[in-house]
Amino acid sequence: VLSKGYEDGHRVVSMSCSDKMAAWNVLGLQGSLLSLYIEPIYLASVIIGKMYNYDHLSRGIYARVKGISQQSGIPHPFKVNQPLIGEAKTSSYEEVRRSSSNSLNWWLDTNEEIVDTSTGRVSASVPSRLSKQAMFEQFLFLWDDCASKSVKTLLWQEHKIHSNVSEMIRLCRYGDIKKLATDYGKVKDALHQHYRQHLGPWISRGLELNDFKMSK
């Protein structure tokens, strides 16, 4: 299922929301970087407000990718997750003609942040704390305490970079670190292969978006 829209005045095609949720139910919500530190985080349940149809919803967000585990033997602890799907018990809904482009995020002991989702920025010049660069900075902050010995060894084998945060900031690109998550990469490849064989190609953004270093 493809979702069509506009970005900077240009027609763009991307994967639909149900495709992305199906991917979460295989890869987890944490992404490739955090998979180097923790096990996959899966949805426990999904609550639907309007147009509830269990058969359609279950197919959209997990049933159509169940064959991945049978065909590819995805590595533990990854799996095809099957969250509970429920219907909101309410008869009144707020009618929204058009969704706002603003998005709100917060976490413990911080102020909320309002992001313009059309630009990914808080203002014209300030990127969100949810940007790839901000997340990369937080990831490196935790490296010494959270990265396993095997991952640190792989960093040296693949890039000849010592497991030293200051050296990583100077030499590592975001995409280089993502590739260290080898199990995550295998599962992602299996997901995309399953789509090519049974559902159609997975539309991805360019790899150049991962080709950056820390700015400091």
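Would you check which residues across the stretch 199-216 are exposed (fewer than 13 other Cβ atoms within 10 Å of the Cβ) and not in a helix (DSSP H, G or I) and list them?
Step one: list which residues in the stretch 199-216 are exposed (fewer than 13 other Cβ atoms within 10 Å of the Cβ), which gives 200-201, 204-209, 211, 215-216.
Correct list: GLY200, PRO201, SER204, ARG205, GLY206, ASP211, SER215, LYS216.
Residue count for the stretch 23-65 satisfying the condition of being in contact with a Gly (Cβ under 7 Å, 6 or more places away or on another chain), farther than 16 Å from PRO75 by Cα and open to solvent by 70 Å² or more (accessible area, probe 1.4 Å): 1. Taking the stretch 145-179 as the range and being charged (D, E, K, R), open to solvent by 40 Å² or more (accessible area, probe 1.4 Å), free of Cβ contacts under 8 Å to residues at least 40 places away in the same chain and within 30 Å of LYS79 (Cβ to Cβ) as the test, the residues that pass are ASP145, LYS149, LYS152, GLU158, LYS179.
Being open to solvent by 70 Å² or more (accessible area, probe 1.4 Å), in a helix (DSSP H, G or I), under 21 Å from ASN210 (Cβ atoms) and of a type outside the set (Asp, Glu), is that true of even one residue in the stretch 13-22? Checked against the condition, which is being open to solvent by 70 Å² or more (accessible area, probe 1.4 Å), in a helix (DSSP H, G or I), under 21 Å from ASN210 (Cβ atoms) and of a type outside the set (Asp, Glu), the stretch 13-22 yields at least one hit. Against the numbered list (1) at positive phi; (2) touching a Leu at 6+ places or on another chain (Cβ under 9 Å), ASP109 comes up short only at (2). Scanning the stretch 40-60 for residues that are modelled with pLDDT of 95 or more and either under 15 Å from the mean Cα position of the chain (by Cα) or part of a loop (DSSP other than H, G, I, E, B) (or both) yields a count of 5.
Could you please find all residues in the stretch 180-198 being surrounded by fewer than 17 Cβ atoms within 10 Å (Cβ to Cβ) and not polar (S, T, N, Q)? Walk me through how you get there before you give the answer.
Taking the stretch 180-198 first, the residues surrounded by fewer than 17 Cβ atoms within 10 Å (Cβ to Cβ) are 182-183, 185-186, 189, 192-193, 196-198.
Result: ASP183, GLY185, LYS186, ASP189, HIS192, ARG196, HIS198.
The values are calculated or read from the model by the stated rules, or taken from the named source; none is laboratory data. Because the structure is predicted, anything quoted here is derived from the model rather than measured. Here the Cβ is made from the backbone with ideal geometry for all residues, glycine too, and neighbour counts use every protein chain on show. For accessibility, only protein heavy atoms count, side chains too; no ligands or nucleic acids. Shrake-Rupley method; radii C 1.70, N 1.55, O 1.52, S 1.80 Å.
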